[in-house]
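Heads up: the structure comes next, in structure tokens.
The values are calculated or read from the model by the stated rules, or taken from the named source; none is laboratory data. Note that this is a predicted model, so its numbers are computed, not measured. All Cβ positions, even for glycine, are placed from backbone atoms using ideal geometry, and neighbour counts span all protein chains on display. We work out accessible area using only protein heavy atoms, side chains counted, and drop any ligands, DNA or RNA first. Shrake-Rupley method; radii C 1.70, N 1.55, O 1.52, S 1.80 Å.
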Amino acid sequence: MGKSGNNTGSGNRRPPSERKQLCLARPVFFIGFMGAGKTSVSLYIARRWKFSSIDLDMYLERREGRVIRDIFAEEGEEAFRLIETDVLREVGTSPSPSLVSCGGGIVERPENRELLAQLGCVVYLRVSADEASDRISNKKSRPLFNDLESARALCERRGPLYEEAADVIVNTAGKSVGQIGYEVMGALKRRPELWA
Ligand code: S3P
């Protein structure tokens, strides 16, 4: 029998799992170094699956009424990290779970790592500092991406923290947003605890 032998003429040949609206039971957190593509990939998946997507940095800036560069300049990194934890808790415990792209330093505080583990599924998009540098157009908005040497050291130091926090790891080198998104979607579908 040919491939269309069982087709009753509905025209919809996608598997049932693709047809019904997927619904998140827990948030999905995207982590990784600056320039890893966390926001782009989160938006890509949000469009495909009709989920909401929240960029934690943008949420934080709106809530505080200041851009991150100014928070760093006026109060320093430690103050920023405290606000970041507060925002992570606020977004992560929302009754309607979303795709959440986190700032690259979210893994710095142990409290954040605990929150990520408790609240949702963590997707680590792995990137090297060199590749990230090529991808980032506006480095001025990122106070911790000063020069390539220090970015390399920071990326290397954070590597084990990202790995440890991750439930899913995707290498992003040489891949498009679509390719990465597709890979992540496949990995998420295989996690039953994620779906309502
Ligand atoms: C930071 C990354 C930035 C932003 C802030 C600090 C970091 O987010 O949260 O500048 O410590 O790596 P992105 O990873 O979205 O650039």
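Tell me the net charge near T172. Cut-off is 11 Å between Cβ atoms, T172 excluded, with +1 for each Lys or Arg and -1 for each Asp or Glu. Mind showing how you got there, number by number?
Details: positive: K38, R126, R135, K175; negative: E131, E183.
Residues close to T172 contribute a combined charge of +2.
Starting with the highest mean, order 80-91, 119-130 by the number of other Cβ atoms within 10 Å, averaged over the residues of each peptide. Before the final figure, lay out the partial values.
Details: 80-91: 17.8, 119-130: 21.6.
Averaged packing, sorted descending, gives the order 119-130, 80-91.
Leaving out ligands, DNA and RNA, and with a 1.4 Å probe, what % of the accessible surface on the chain is carbon or sulfur? Intermediate values should be presented prior to the final figure.
Numbers: 5240 of 10570 Å².
Within the chain, the accessible surface is 50 percent carbon and sulfur.
Give the cross-link partners of K50 among the lysines, using a straight C-alpha distance below 24 Å as the criterion and excluding same-chain residues fewer than 8 apart.
Correct list for K50: K20, K38, K175, K189.
Averaged per residue, what accessible surface does the chain expose to a 1.4 Å probe, in Å²?
So the chain comes to 54 Å² accessible per residue, rounded to a whole number.
Summing -39500 (n - 2.57) over the DSSP H runs of n ≥ 4 in the chain and dividing by its residue number, what mean residue ellipticity at 222 nm do you reach, to the nearest 500 deg cm²/dmol? If you can, show how the numbers build up before the last one.
Numbers: 9 runs with 97 residues, N = 196.
Value at 222 nm, helices only: -15000 deg cm²/dmol.
Taking a ≥ b ≥ c as the square roots of the eigenvalues of the Cα gyration tensor of the stretch 43-163, is the shape rounded (a/c under 1.5), prolate (a/b larger than b/c) or oblate?
Numbers: a/c = 1.44, a/b = 1.24, b/c = 1.16.
Note, shape of the stretch 43-163 comes out rounded.
Where the centroid of each part is defined by its Cα atoms, how far is the stretch 60-103 from the stretch 141-162 in Å?
So the separation of the two Cα centres works out to 19 Å.
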